[in-house]
Amino acid sequence: MPKRLCRWGVTLGAGLLSLLMVVPAHAALPVEGAAATADYWLRADGDRPLLSAQETAAFTRASTVRGITHELTAAGKSRLGHVLRAQIHAAAQGLDDALPELYAGDRLLRREQWQNVCDNCAVDAIGGRVKVRPAAALHRADVRLLPTGEGWYEAPDDERYDALQGTVLDPGEAVLLLHYSTDGRFAFVETRDYHGWVDARALAAADRETWRAFAAPKEFFTVTAADFGREEWGLLYQMGAKIPGRRAADGTLRLLLPARGAEGELAVREARLPDDGRLRAGRLPLTRNNLIRLAFAPLSSEYGWGGENNGMDCSSYVQNIYRAMGVELPRDADMQERACSLLPLVGLSVAERYARLAEVPPGALLFRPGHVMLYLGRDMGDTPLVIHDISSYYEDGEKKYIRQVVVSTLAFQNESGTAAIDTLTAIGLIAPAP
């Protein structure tokens, strides 16, 4: 949030040459002006599909086969106990291996606190085979690495980067309920892109028919704005979320929202509202112009580690853009890198990196350790620009928090003063280069 192709022979323009000759002391982050608008990057020929429906489905299927995304509707009705125990351990991302040097509030985490949370996983209670139960989120809900609502942080005054925060569920998002914590407060679930612990009160178990209405709706709308919700619903959806429903004869939208039934089960309630342009029937086609419009929709919106503060982080930002167009990427940046066709950059000079970048299409993903960015292309001055949801960067050795979606060059620096272009590990392609 934590492979190969061709030869290069690219003539570098004046903008690229100036970037190579002088690494600025200040990153000028974010880029402003015309290049920080969607209209600047839209093209007359930009509505041509980059992948067919079959190719889009094949990309998602390949990730599912490799186990980095999950096809929930194809899952069996039970799971082997040893597989579930391994999934619970993997979901903890090492935090259950040894007492981490993290803070709970203003004090270092005590061994007893840590051990109680680890014991709450109740792995010893898992039998040889467990029942898999369909369920869905009743509202936006956190997915945690361990079964506790307490935050663990690297510093006593930190409130933004909870080490236990994995991701979030959208309202109505389907999950498979696999296990409960010892205290019964948390459910261990499998989502389309994650494993983790969710507050059990945020979930409702369902019969298969009701569950499939949310897991695989025949008719649905896609959120194309930065987020979507109504205060009276108490629901907030991320960009790219599916909302089951259809357009009524009078032009209003009939949306199916999750609710808890009289017996605690998943139920459906209907809401009608006028079409304000934030929802699109079905998935958008994967085109250059749709990529640009979606990428700019959350411009300047607040960064949220693991979905905290109702925000997105770098990898969920990229994921949400692509899922709105039917491409299911994994949740975390390292898994996204595994899902793409890669052009490796390790060992290349700055000039070689910029030359390689000049050959890839807008929408390519640029990976550096712990971060992913979306490539926009070169501006009128021939400078390569990216758009990304970034937490922080460095200027003259000083950490600067920006915490928003921005357009930038690749000259911003890390702690050691190295420009981003030199820290890139690979370029990830989803649609092939033209």
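FYI, it's all coordinate maths here, none of it is from the lab. Everything numeric here is computed off the predicted structure, so don't read it as measured data. Every residue, glycine among them, receives a Cβ derived from its backbone with ideal geometry; neighbour counts consider all protein chains shown.
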Quiz item: What does a probe at D207 reach in region 101-137, counting residues whose amide N is under 20 Å from the point 7 Å along Cα→Cβ?
Solution: 132-137
Self-check item: Two-site label geometry, A262 and E101: point separation in nm, points 7 Å out along Cα→Cβ
Solution: 5.8
Quiz item: Alpha carbon centre of region 99-167 versus region 212-230: separation in Å?
Solution: 28
Quiz item: Quick one: what do you get for region 224-373 if you divide its Cα Rg by 2.2 N^0.38 Å?
Solution: 1.26
Quiz item: What is the log10 of I(q)/I(0) for the chain, computed with the Debye formula using one identical point scatterer on each Cα and no solvent, at q = 0.06, 0.07, 0.13 Å⁻¹?
Solution: -0.26, -0.36, -1.21
Practice problem: Pull up all non-local amide H partners of L203: gap of 5 or more, or a different chain, and H-to-H distance under 5 Å with H placed in the peptide plane. | Solution: L138
Practice problem: Extending each Cα 7 Å along its Cβ direction at R133 and Q115, get the distance between those two points in nm, one decimal. | Solution: 3.1
Quiz item: Relative contact order for region 210-280: what is it in percent, counting Cα pairs under 8 Å that are at least 6 residues apart?
Solution: 30
Exercise. Would you calculate the separation in nanometres between label points at V346 and A58, each defined as 7 Å from the Cα along the Cα-to-beta-carbon direction?
Key: 2.9
Exercise. Convert each backbone phi in region 396-401 into a coupling constant with the Karplus relation 6.51 cos²θ - 1.76 cosθ + 1.60 (shift: θ = phi - 60°), then list the ³J(HN,Hα) values in order as whole Hz, x for Gly and Pro.
Key: 6, x, 9, 6, 10, 8
Quiz prompt | Backbone HN-Hα couplings from phi across region 44-61 [Karplus 6.51/-1.76/1.60, Hz, Gly and Pro as x] | solution = 4, 9, x, 9, 6, x, 8, 9, 6, 4, 5, 5, 4, 5, 5, 4, 5, 5
Quiz prompt | Fraction of the pair-distance distribution of region 120-188 above 20 Å, Cα-Cα pairs, percent | solution = 38
Quiz prompt | A267 long-range amide H proximity, modeled H, under 5 Å | solution = A259, R260, G261
Practice problem: Taking only the C-alpha atoms, wrap a convex hull around region 175-271 and report its volume per residue in Å³ as a whole number. | Solution: 130
Quiz prompt | Gain upon complete extension [E398, R43; 0.36 nm per residue less C-alpha separation] | solution = 123.9 nm
Practice problem: Within 10 Å, count the other beta carbons around each residue, average over each peptide in 319-325, 76-82, and list them highest first. | Solution: 319-325, 76-82
Practice problem: Could you sort 144-156, 389-401 so that the peptide with the highest average Cβ count within 10 Å comes first and the rest follow in order? | Solution: 144-156, 389-401
Quiz item: In percent, how large is the relative contact order of region 334-434, given Cα pairs closer than 8 Å and 6 or more residues apart?
Solution: 34
Quiz item: If we sort 271-281, 287-297, 212-222 on the protection proxy, mean other Cβ atoms within 10 Å, highest first, what's the order?
Solution: 287-297, 212-222, 271-281
